[in-house]
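Notes follow the structure.
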Amino acid sequence: MARPKIALIGAGQIGGTLAHLAAIKELGDVVMFDISEGTPQGKALDIAESGPSEGFDGSFKGTNDYADIADADVCIVTAGVPRKPGMSRDDLLGINLKVMKSVGEGIKAHAPNAFVICITNPLDAMVWALQKFSGLPANKVVGMAGVLDSARFRHFLSVEFGVSMRDVTAFVLGGHGDTMVPSVRYSTVGGIPLPDLVEMGWTSQEKLDAIVQRTRDGGAEIVGLLKTGSAFYAPATSAIEMAEAYLKDQKRLLPCAAYCDGELGVKDMYVGVPTIIGAGGIEKVVDIKLNKEEQVMFDKSVDAVKGLVEACKGIDPSLA
Ligand SMILES: NC(=O)c1ccc[n+]([C@@H]2O[C@H](COP(=O)([O-])OP(=O)(O)OC[C@H]3O[C@@H](n4cnc5c(N)ncnc54)[C@H](O)[C@@H]3O)[C@@H](O)[C@H]2O)c1
Ligand SMILES: O=C(O)C[C@H](O)C(=O)O
């Protein structure tokens, strides 16, 4: 059977890391597309040349021509610009919306059957626009953020409790912005919910609150340290986890920015919710019940995303 084809739209920091991870995990043949001439070609060749030492098979091609992504099984979109210190993700909306238009048209023309994972910020509004511009079914277009935010939450919790990250589960819901909702009640260490761990005296409420806030600020913390761009290793790893779930029909239950049609009270928009990813794309949005306090935080986050979607419609009337 032929290897799956993975198209990476954007060959910058995340795009390059995605290609390297896809190679090492032998997920398929990789095509890297970028408007910058030489960048995708150089990165693809460099990764191919690491194959003999690493011992993977696969073909790696860099291109500036959308025709080369033809019939891709998976497209992962990182095209656009990242923020710099002092900026919010929302400041990227105008410039990255134009990028989503050209990317959406490229995917529609050449890879209409792909499972599309959008990473470009501001994430929830960009994946919404990408789905509209591409015209692909909503269950085949998804945004990556919740897996990353949850991984950050899991990492901070594993350090606090001194246990393996493998034994920490966490869910971060809502929009990928300052209002995101790290769910304390649905996150566990060794299966024990976080509120019980506070009750047991294993940590304090103050420490837990600080971890929740650090998770919300996780992207800005890295931007402040790097100064020239944003995180790329963990974001790429998170998107590869989603791509693998699709390609291998793993039925993973992962928090993703998915199209909601009433689930969690959200209608006709994308926002971070628990989903099941398998060969059918987003096979299910898991309609979990939030308590009153969680619902207030979640609704506030949804409202923030709604504002960005309205801004997109104002900039590009074809989206209205
Ligand atoms: N969703 C998340 O959790 C998450 C995490 C990290 C970063 N991001 C976002 O991902 C995006 C990419 O980040 P990065 O660090 O890889 O940035 P980067 O600047 O390193 O790479 C972006 C690439 O996009 C290319 N590009 C620009 N316009 C294009 C177009 N019209 N068509 C094709 N390619 C185009 C650029 O040439 C560049 O190579 C940013 O918007 C960033 O904010 C999101
Ligand atoms: O924070 C950013 O600008 C990039 C990304 O959204 C992240 O959370 O790392």
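Residues in the range 215-224: is at least one open to solvent by 10 Å² or more (accessible area, probe 1.4 Å), outside the structural domain of Val99 (by the TED database) and within 25 Å of Lys289 (Cα to Cα)?
There is at least one residue in the range 215-224 that is open to solvent by 10 Å² or more (accessible area, probe 1.4 Å), outside the structural domain of Val99 (by the TED database) and within 25 Å of Lys289 (Cα to Cα).
Being more than 17 Å from Tyr259 (Cα to Cα) and part of a helix (DSSP H, G or I) is the filter; apply it to the range 273-312 and report the residue that is most open to solvent (accessible area, probe 1.4 Å).
Once the filter is applied, the top-ranked residue is Lys292.
Go through the range 103-209 and tell me which helices (runs of 4 or more DSSP H), entirely inside it, have 1 or more residues that are under 18 Å from Thr78 (Cβ atoms).
123-134, 146-161
Hey, does the range 122-137 have a residue that's open to solvent by 10 Å² or more (accessible area, probe 1.4 Å), within 30 Å of Glu26 (Cβ to Cβ) and in contact with a helix residue (DSSP H, G or I) (Cβ under 7 Å, 6 or more places away or on another chain)?
Within the range 122-137 (the criterion being open to solvent by 10 Å² or more (accessible area, probe 1.4 Å), within 30 Å of Glu26 (Cβ to Cβ) and in contact with a helix residue (DSSP H, G or I) (Cβ under 7 Å, 6 or more places away or on another chain)), the answer is yes, since at least one residue qualifies.
Can you tell me how many residues in the range 70-96 are part of a helix (DSSP H, G or I) and either open to solvent by 40 Å² or more (accessible area, probe 1.4 Å) or within 11 Å of ligand 1 (Cβ to nearest atom) (or both)?
The qualifying residues number 7.
Being among the small types (Gly, Ala, Ser) and within 11 Å of ligand 1 (Cβ to nearest atom) is the filter here, so list the residues in the range 128-149 that pass it.
Gly143, Ala145, Gly146
Is it true that some residue in the range 179-188 is open to solvent by less than 10 Å² (accessible area, probe 1.4 Å) and within 11 Å of ligand 2 (Cβ to nearest atom)?
yes
Considering the range 233-266 alone, what residues qualify as being farther than 16 Å from Gly174 by Cβ, open to solvent by 40 Å² or more (accessible area, probe 1.4 Å) and either within 11 Å of ligand 2 (Cβ to nearest atom) or part of a helix (DSSP H, G or I) (or both)?
Scanning the range 233-266 gives Tyr233, Ala234, Thr237, Glu241, Leu247.
Given the structure, is Gly80 under 18 Å from the mean Cα position of the chain (by Cα) and either under 22 Å from Gly135 (Cα atoms) or among the hydrophobic types (A, V, I, L, M, F, W, C) (or both)?
Yes.
The values are calculated or read from the model by the stated rules, or taken from the named source; none is laboratory data. The shown structure was predicted, so the numbers you read here are calculated from the model rather than taken from an experiment. All Cβ positions, even for glycine, are placed from backbone atoms using ideal geometry, and neighbour counts span all protein chains on display. Heads up: the accessible areas ignore ligands, DNA and RNA and are worked out on the full protein's heavy atoms, side chains in. Shrake-Rupley method; radii C 1.70, N 1.55, O 1.52, S 1.80 Å.
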